[in-house]
Amino acid sequence: MNREAIIDPKNLVYEKPKLMNDSKMHYCPGCSHGVVHKLVAEVINEMGMEENAIGVSPVGCAVFAYKYIDIDWQEAPHGRAPAIATGIKRLWQNKLVFTYQGDGDLACIGTAETIHALNRGENITIIFINNAIYGMTGGQMAPTTLLGQPTSTCPFGRDADLHGYPLNMSDLASRLQGTCYVTRQSVETVGAIAKAKKAIRKAFEMSMEGKGSSLVEIVATCSSGWKMTPVDANKWMQDNLFDQYPKGDLKDITKL
């Protein structure tokens, strides 16, 4: 007897997203990436865009995103995902095109590509995972690292006089004429996950409607880079990151 015959749809509470592969994830325990992958897969499936979605992932913790979500993917050089996504979307305007980037990739190495793609109003969605650190390469300071936050390259904490201030990309994006939807969410609780999924769907829909660029920032954890347990990392994020990066919609042209 197959699984569908055993499970009564009325009693189904949770199931694996249909677009998620069986590959074993390489993310550390407590990492936010896996949750966001699940949401992206669910939204694409619910929109019926399985055959028309193209993701672009650059270098960083999400470099292997193509292993987990069964859609077409394009690998990009470090920081260049918005430029690659621009070319894809302009060639295939009927495709759902999005990038999936970390804060080191998007806010440092790819600052120019990010700002200019958003400012041009390219009909793409940029999913931005902000854990305030370079996770993949050893926990170095990122543009998003908080003042006073220690990392492997600023072990005594980020100093404004020496390192500058945290770079708030979503605030910048919300002021650009080409953006139609800019939001900041998180995935540490059931309620937060539901809001993040709604935001991703809205961004995808607006890009398909040709309204301009969308940026969905997910304030995230990096248990390994922060040297914390997953539980402690979630608490530290809530107590510290949300003050610098408050959650909510920063721009929505449908509400203007």
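The values are calculated or read from the model by the stated rules, or taken from the named source; none is laboratory data. Owing to the predicted nature of the structure, the values given are computational and were not obtained by experimental measurement. Backbone-built Cβ (ideal geometry, glycine too); neighbour counts: all protein chains shown. In case anyone asks, the SASA skips ligands and DNA or RNA and just uses the protein heavy atoms, side chains included. Shrake-Rupley method; radii C 1.70, N 1.55, O 1.52, S 1.80 Å.
If you scan the range 33-67, which residues turn out to be touching a strand residue (DSSP E or B) at 6+ places or on another chain (Cβ under 8 Å), within 21 Å of Ala194 (Cβ to Cβ) and touching a residue at least 24 places away in the same chain (Cβ under 8 Å)?
Correct list: His33, Val36, His37, Val40, Ala41, Ile44, Met47, Met49.
Could you identify the single residue in Ile115, Ile129 that is under 17 Å from the mean Cα position of the chain (by Cα) and either closer than 26 Å to Ser223 by Cβ or not in a helix (DSSP H, G or I) (or both)? Please lay out each step first, then the result.
Working: Ile115 fails: either closer than 26 Å to Ser223 by Cβ or not in a helix (DSSP H, G or I) (or both).
Criteria check complete, one pass: Ile129.
Residues that are among the β-branched types (Val, Ile, Thr) and surrounded by 18 or more Cβ atoms within 10 Å (Cβ to Cβ): does the range 152-160 have at least one?
Going through the range 152-160, the residues among the β-branched types (Val, Ile, Thr) turn out to be 153.
Going one step further and asking which of them are surrounded by 18 or more Cβ atoms within 10 Å (Cβ to Cβ), we end up with none.
Checked against the condition, which is being among the β-branched types (Val, Ile, Thr) and surrounded by 18 or more Cβ atoms within 10 Å (Cβ to Cβ), the range 152-160 yields no hits at all.
What do you reckon, is Gly102 touching a residue at least 40 places away in the same chain (Cβ under 8 Å) and either of a type in the set (S, T, N, Q) or under 27 Å from Arg201 (Cα atoms) (or both)? Full working, then the answer.
On the way: touching a residue at least 40 places away in the same chain (Cβ under 8 Å): yes; either of a type in the set (S, T, N, Q) or under 27 Å from Arg201 (Cα atoms) (or both): yes.
Yes, satisfied.
Can you tell me which residue is least open to solvent (accessible area, probe 1.4 Å) among those in the range 164-176 that are part of a loop (DSSP other than H, G, I, E, B) and among the hydrophobic types (A, V, I, L, M, F, W, C)? Please lay out each step first, then the result.
The initial filter retains those residues of the range 164-176 that are part of a loop (DSSP other than H, G, I, E, B), namely 164-168, 175-176.
From what's left, among the hydrophobic types (A, V, I, L, M, F, W, C): 167, 176.
Values: Leu167: 55, Leu176: 31 Å².
Top of the filtered list is Leu176.
Every residue in the range 86-99 that is hydrophobic (A, V, I, L, M, F, W, C) and free of Cβ contacts under 8 Å to residues at least 40 places away in the same chain, please.
Kept after step one, since they are hydrophobic (A, V, I, L, M, F, W, C), are these residues of the range 86-99: 88, 91-92, 96-98.
Selection gives Ile88, Leu91, Trp92.
Can you name the residue in the range 61-111 that is outside any helix (DSSP H, G or I) and touching a Lys or Arg at 6+ places or on another chain (Cβ under 8 Å) and, of all such residues, is farthest from Lys211 (Cα to Cα)? Outline the logic, then answer.
Just the residues of the range 61-111 that are outside any helix (DSSP H, G or I), to begin with: 68-80, 92-102, 110.
Going one step further and asking which of them are touching a Lys or Arg at 6+ places or on another chain (Cβ under 8 Å), we end up with 95, 97, 110.
Working: Lys95: 14, Val97: 14, Gly110: 23 Å.
Ranking the qualifying residues of the range 61-111, first place goes to Gly110.
Pick from the range 202-238 the residues that are part of a loop (DSSP other than H, G, I, E, B) and of a type in the set (Val, Ile, Thr): which of them is surrounded by the fewest Cβ atoms within 10 Å (Cβ to Cβ)? Talk me through it step by step, then tell me what you get.
Quick first cut of the range 202-238, residues part of a loop (DSSP other than H, G, I, E, B) only: 209-212, 220-222, 227-229.
With the extra rule that they be of a type in the set (Val, Ile, Thr), the set shrinks to 221, 229.
Numbers: Thr221: 30, Thr229: 12.
Top of the filtered list is Thr229.
Does the range 35-77 hold any residues that are charged (D, E, K, R) and open to solvent by 50 Å² or more (accessible area, probe 1.4 Å), and which are they? Can you show your working first?
In the first step, residues of the range 35-77 are kept if they are charged (D, E, K, R); the result is 38, 42, 46, 50-51, 67, 70, 72, 75.
Answer for the range 35-77, where residues must be charged (D, E, K, R) and open to solvent by 50 Å² or more (accessible area, probe 1.4 Å): Glu46, Glu50, Glu51, Lys67, Asp70, Asp72, Glu75.
Quick one: in the range 95-139, of everything that is over 16 Å from Ile84 (Cβ atoms) and touching a Pro at 6+ places or on another chain (Cβ under 6 Å), which residue is least open to solvent (accessible area, probe 1.4 Å)?
The qualifying residue least open to solvent (accessible area, probe 1.4 Å) is Ala107.
Being touching an Asp or Glu at 6+ places or on another chain (Cβ under 9 Å) and of a type in the set (Ser, Thr, Tyr) is the filter here, so list the residues in the range 215-244 that pass it.
Of everything in the range 215-244, those that are touching an Asp or Glu at 6+ places or on another chain (Cβ under 9 Å) and of a type in the set (Ser, Thr, Tyr) turn out to be Thr221, Ser223.
State all residues of the range 177-201 that are open to solvent by 10 Å² or more (accessible area, probe 1.4 Å), among the charged types (D, E, K, R) and in contact with a helix residue (DSSP H, G or I) (Cβ under 8 Å, 6 or more places away or on another chain); if no residue qualifies, say none.
Glu188, Lys197, Arg201
Can you tell me how many residues within the range 195-214 are in contact with an Asp or Glu (Cβ under 7 Å, 6 or more places away or on another chain) and farther than 23 Å from His116 by Cα?
The qualifying residues number 1.
Among all residue pairs at least 6 apart or on different chains, which show Cβ distances below 7 Å where the first residue, located in the range 135-163, is part of a loop (DSSP other than H, G, I, E, B) and the second is of a type in the set (Phe, Trp, Tyr)?
Note: pairs meeting the criteria are Ala142/Tyr134; Pro150/Phe156.
Before we move on, is Asn123 out of contact with any helix residue (DSSP H, G or I) (no Cβ under 6 Å at 6 or more places or on another chain) and in contact (Cβ under 8 Å) with a residue 24 or more places away in the chain?
So Asn123 fails the test.
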